[in-house]
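*Asks:* This is the structure I have questions about; it appears just below.
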Amino acid sequence: MGRIILANDGIAANAKLELEKLGFIVDTTHYDGEELEAKIKEVECIIIRSATKIRKDLIDIAVGGNLKLMIRAGVGLDNIDVKYAESKGFIVRNTPAASSRAVAELAIGHMFSLTRHIYISNINMRNGEWNKKAYKGIELGGKTLGLIGFGRISREVASRAMALGMDVIYFDVFGESSIMPECKYVEFDELLGNSDFISLHIPYIKEVGTVLGDAEFAKMKDGVYLVDTARGKVVSEEALLKALASGKVAAAALDVYEEEPTRNEAIYTHPKISLTPHIGAATSEAQNRIGIETINIVKEILL
Ligand code: MLT
């Protein structure tokens with residue numbers, strides 16, 4: 001049997017070819033349940049996106065097999081029990097830089113979608129409506145954007161927002177950053193109270209839980225716009241729906257959901273929510289870069 005890499009959630013065609021040139025058999029079948037449990041013992045490396053979860057029980061099954069390396073082809077590592085996997089001797093890696101621009105462009109796109117009613121006028125025109133008067137919007141220029149988290153993606157959002165004439169403030173648990181001094185570090189509550197737009201760029205950490213719930217929405221400016229392209233669970237969907245109903249939040253854009261695919265009808269039918277199905281990193285360029293980073297990790301660890 002040759003050296004097998006399982007790309008359980010798929011992989012860009014160029015990356016598959018390169019890995020094959022390096023001598024690996026690349027299996028791109030998506031396995032679940034017992035099939036995945038059987039497969040994980042055979043392969044040397046498993047590459048996953050967001051669909052596959054690698055939890056303790058699967059990790060225990062992999063112990064003693066051929067598996068050495070787990071690659072999360074993306075940024076978020078919340079679908080792998082990383083500490084547990086590492087404690088069992090597996091190497092876990094992600095591709096942290098590859099998709100920043102793609103996610104940032106989507107976040108900015110959603111802001112335009114909300115302020116100019118692009119998402120909803122598209123739906124209504126398809127129903128034969130011509131609601132010109134209903135779609136008076138606002139401009140992004142001159143508004144304050146509050147970024148929660150100030151990592152790579154957030155800074156890409158910041159530079160685009162500044163180019164559009166927005167003032168950018170941010171909060172990060174690691175404190176003030178020396179990068180991009182033109183953006184102002186503020187405390188969390190100050191960000192909530194002073195932002196016209198809030199965009200989240202943080203991981204979901206189980207021990208921390210929801211970051212925006214009823215109490216945090218109450219501290220926001222009336223008529224704030226919210227964008228979440230990070231992780232669904234950092235925003236309480238229940239609290240968001242209440243804040244939309246009261247007018248505290250003017251409109252929200254979601255690429256990520258508490259549960260995916262979302263089954264929350266109140267969310268996916270809401271007239272003031274612009275929706276995308278977790279496509280932040282889904283550009284050809286980002287997927288190619290993810291492929292290149294993945295190949296480099298495989299070369300570094302397995303060759
Ligand atoms: C990520 O964590 O990289 C993004 O959420 C994109 C994804 O993998 O679906």
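The values are calculated or read from the model by the stated rules, or taken from the named source; none is laboratory data. Predicted model only: the values in this text are computed from it and were never measured. Glycine gets a Cβ as well: all are built from the backbone with ideal geometry, and neighbour counts include every protein chain shown. The accessibility values were calculated without ligands, DNA or RNA, using every heavy atom of the protein model including side chains. Shrake-Rupley method; radii C 1.70, N 1.55, O 1.52, S 1.80 Å.
*Asks:* So what is the accessible area of the chain per residue, in Å², with the probe set to 1.4 Å?
*Replies:* 49 Å²
*Asks:* I want to verify a result. In a Gaussian network model of the chain, Cα cutoff 10 Å, which of these has the top mean-square fluctuation: Arg263, Arg126, Arg231?
*Replies:* Arg126
*Asks:* Let me ask something additional. Report ³J(HN,Hα) in whole Hz for each residue of the stretch 168-177, in order, from the Karplus equation J = 6.51 cos²θ - 1.76 cosθ + 1.60 where θ = phi - 60°; Gly and Pro get x.
*Replies:* 10, 10, 8, 10, 9, 4, 7, x, 5, 9
*Asks:* Read phi for every residue in the stretch 5-22 and hand back ³J(HN,Hα) as whole Hz from Karplus 6.51 cos²θ - 1.76 cosθ + 1.60, θ = phi - 60°, with x for Gly and Pro.
*Replies:* 10, 9, 9, 5, 10, x, 7, 4, 4, 5, 5, 4, 4, 4, 5, 5, 4, 7
*Asks:* Under 8 Å for C-alpha pairs, at least 6 residues apart: give me the relative contact order for the stretch 100-275, rounded to a whole percent.
*Replies:* Once normalised by length, the contact order is 20 percent.
*Asks:* Could you work out the percent of alpha carbon pairs in the stretch 177-247 separated by over 19 Å, rounded to a whole number? Write out the running numbers ahead of the final one.
*Replies:* Values: 879 of 2485 pairs.
Cα-Cα pairs in the stretch 177-247 separated by more than 19 Å: 35 percent.
*Asks:* Just to check, using Stokes-Einstein with a Kirkwood Rh over alpha carbon pairs, what's the diffusion coefficient of the chain at 25 °C and 0.890 mPa s in µm²/s?
*Replies:* 118 µm²/s
*Asks:* Something else about it: Helix 284-302 sits at what angle to the longest principal axis of the chain, using alpha carbons and giving 0 to 90 degrees rounded to 10?
*Replies:* Approximately 40 degrees, to the nearest ten.
*Asks:* Additional query: Name the residue farthest towards the positive end of the dipole of the stretch 57-143 from the options Val63, Ala98, Gly141, assuming +1 on Cβ of Lys and Arg, -1 on Cβ of Asp and Glu, about the Cα centre.
*Replies:* It is Gly141, whose Cα lies furthest towards the positive end.
*Asks:* Would you please classify the overall shape of the stretch 1-103 from the alpha carbon gyration tensor, given that a ≥ b ≥ c denote the square roots of the eigenvalues, rounded means a/c under 1.5, and beyond that prolate means a/b larger than b/c while oblate covers the rest?
*Replies:* Details: a/c = 1.64, a/b = 1.10, b/c = 1.49.
Taking the square roots of the gyration eigenvalues as a ≥ b ≥ c, the stretch 1-103 is oblate.
*Asks:* State, to one decimal in nm², a quarter of the convex hull surface area for the C-alpha atoms of the stretch 53-180, i.e. the direction-averaged projected area.
*Replies:* For the stretch 53-180, averaging the hull's shadow over all directions gives 11.9 nm².
*Asks:* Could you order Asp27, Asp228 so the one with the most accessible surface comes first? Probe is 1.4 Å. Spell out each step's value before the answer.
*Replies:* Working: Asp27 25, Asp228 0 Å².
Descending order: Asp27, Asp228.
*Asks:* Going by amide H atoms built from the backbone, whose H comes under 5 Å of the H on Ala250, apart from near neighbours?
*Replies:* Here the answer is Gly223, Val224, Tyr225, since their amide H atoms fall under 5 Å of that of Ala250.
*Asks:* How many percent of the alpha carbon pairs in the stretch 100-275 exceed a separation of 26 Å?
*Replies:* In whole percent, the long-distance tail amounts to 25.
*Asks:* How far, in degrees from 0 to 90, does helix 152-163 lean away from the longest principal axis of the Cα atoms of the chain, to the nearest 10?
*Replies:* With rounding to tens, the tilt is 30 degrees.
*Asks:* Wrap a convex hull around the Cα atoms of the stretch 219-287, take a quarter of its surface area, and give that in square nanometres.
*Replies:* 5.0 nm²
*Asks:* Right, here's the next one. Mind checking which of Ala12, Ala215, Ala107 has the largest fluctuation in a GNM of the chain, springs on alpha carbons under 10 Å?
*Replies:* Maximum fluctuation in the GNM of the chain, among the listed residues, is at Ala215.
*Asks:* Can you tell me which of Glu37, Glu285, Glu207 moves the most in a GNM of the chain? Springs connect C-alpha atoms under 10 Å apart.
*Replies:* Per the Cα network of the chain with a 10 Å cutoff, Glu207 tops the list.
*Asks:* Could you give the dipole magnitude of the chain about its Cα centre, charging the beta-carbon of Lys and Arg +1 and that of Asp and Glu -1, in debye to the nearest 20?
*Replies:* Magnitude of the dipole: close to 620 debye.
*Asks:* With a Förster radius of 45 Å, plug the Cβ-Cβ distance of Ile61 and Ala266 into 1/(1 + (r/R0)^6) and report the FRET value to the nearest 0.05. It would help to have the intermediate numbers written out before the result.
*Replies:* Details: r = 38 Å, r/R0 = 0.85.
Once rounded, the FRET efficiency stands at 0.75.
*Asks:* Hey, any idea what % of the chain's accessible area is carbon plus sulfur with a 1.4 Å probe?
*Replies:* Working: 7760 of 14840 Å².
For the chain, the apolar C and S fraction of the accessible surface comes to 52 percent.
*Asks:* Relative to the longest principal axis of the C-alpha atoms of the chain, give the angle of the C-alpha long axis of helix 237-246, reported between 0 and 90° and rounded to the nearest 10°.
*Replies:* So the inclination is approximately 10 degrees.
*Asks:* Suppose a student asked you for the relative contact order of the chain, using Cα pairs under 8 Å spaced at least 6 residues apart; what percent would you report?
*Replies:* Reported relative contact order: 16 percent.
*Asks:* Helix-only estimate, please: 222 nm mean residue ellipticity of the chain, summing -39500 (n - 2.57) across DSSP H runs of length 4 or more and dividing by its residues, to the nearest 500.
*Replies:* The helix-only estimate for the chain comes to -10500 deg cm²/dmol at 222 nm.
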